Amino acid sequence: MLVKETNLKGCLIIEPRVFMDKRGYFVESFNKKKFKESTGISIDFVQDNESKSSKGVLRGLHYQRGNFAQAKLVRVISGSVLDVAVDLRTDSKTFGEHVSVILSGENKTQLYVPRGFAHGFLVLEDDTTFCYKCDNYYNKESEAGIIYNDKDLNIDWNLPNMDLIISEKDQILPTFKNADL
């Protein structure tokens, strides 16, 4: 696996080895030992999640607070997304900054999002299957979020607002300045 640092300390782009032949492909999407050797991060994932969405669906920006904060390893099985992670660590030099990366079933790229980050993604193709591993269990009382179009974060989602499909819950999230960090 090839690991690339992003501009946000601890947030990593991971390119697993893909073995292709006339039958198709094989990829080892996660190996705990190889992950630790390549990243220096020892992690125990406890929950896997998967969603299927249509083009234009925007999910996020979500995070969990306190004892239920989660690190995530995200990837796309089919289709593609613009994946975004925002640094919410108040003691970080990159507090309030974000990274964007295209994840697709074709490129097999993954993004490791450490605890202390908000995460969201915009679906770029119909029938996109997105999945992620979490190192902590979901806890409804600890969930929080930031509005996707926050002016201070200035995230370029590369799609006009009128083409976005956003849940009612995500449309009323607070701004970055008003977020419960």
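Data for the structure
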{"quantity": "Condition broken by Phe19, with the remaining ones in (1) part of a helix (DSSP H, G or I); (2) more than 21 Å from Glu143 (Cα to Cα); (3) not acidic (Asp, Glu) satisfied", "calculated": "(1)"}
{"quantity": "Which listed residue, of Thr94, Thr109, Thr129, is of a type in the set (S, T, N, Q), touching a residue at least 40 places away in the same chain (Cβ under 8 Å), closer than 26 Å to Val3 by Cβ and surrounded by 17 or more Cβ atoms within 10 Å (Cβ to Cβ)", "calculated": "Thr109"}
{"quantity": "Only one of Ile165, Ile172 that is over 23 Å from Ser80 (Cα atoms), modelled with pLDDT of 95 or more, over 17 Å from the mean Cα position of the chain (by Cα) and aliphatic (A, V, I, L, M)", "calculated": "Ile172"}
{"quantity": "Test: Gly10 is surrounded by 19 or more Cβ atoms within 10 Å (Cβ to Cβ), assigned to a loop (DSSP other than H, G, I, E, B) and within 15 Å of the chain's Cα centre (by Cα)", "calculated": "yes"}
{"quantity": "Hey, Asp180 within 17 Å of Arg65 (Cβ to Cβ) and at pLDDT below 95 or not", "calculated": "yes"}
{"quantity": "Val84 touching a Ser or Thr at 6+ places or on another chain (Cβ under 7 Å), more than 18 Å from Ala144 (Cα to Cα) and in a strand (DSSP E or B)", "calculated": "no"}
{"quantity": "Cross-chain or 6+ apart pairs with Cβ under 9 Å, region 1-25 first and within 17 Å of Leu73 (Cβ to Cβ) and free of Cβ contacts under 8 Å to residues at least 12 places away in the same chain, then β-branched (Val, Ile, Thr) and assigned to a strand (DSSP E or B)", "calculated": "Lys4/Ile13; Lys4/Ile14; Glu5/Ile13"}
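Yes/no per residue for (1) in contact (Cβ under 8 Å) with a residue 40 or more places away in the chain; (2) of a type in the set (A, V, I, L, M); (3) surrounded by fewer than 19 Cβ atoms within 10 Å (Cβ to Cβ); (4) under 23 Å from Ile166 (Cα atoms):
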{"site": "Val101", "(1), (2), (3), (4)": "yes, yes, no, yes"}
{"site": "Arg115", "(1), (2), (3), (4)": "yes, no, yes, no"}
{"site": "Gly120", "(1), (2), (3), (4)": "yes, no, no, yes"}
{"site": "Leu124", "(1), (2), (3), (4)": "yes, yes, no, yes"}
{"site": "Lys140", "(1), (2), (3), (4)": "no, no, yes, yes"}
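The values are calculated or read from the model by the stated rules, or taken from the named source; none is laboratory data. Computed from a prediction, not measured in an experiment: that's the story for all the values here. When we count neighbours, we look across all protein chains shown, and the Cβ atoms used for this are built from the backbone with ideal geometry, even at glycine.
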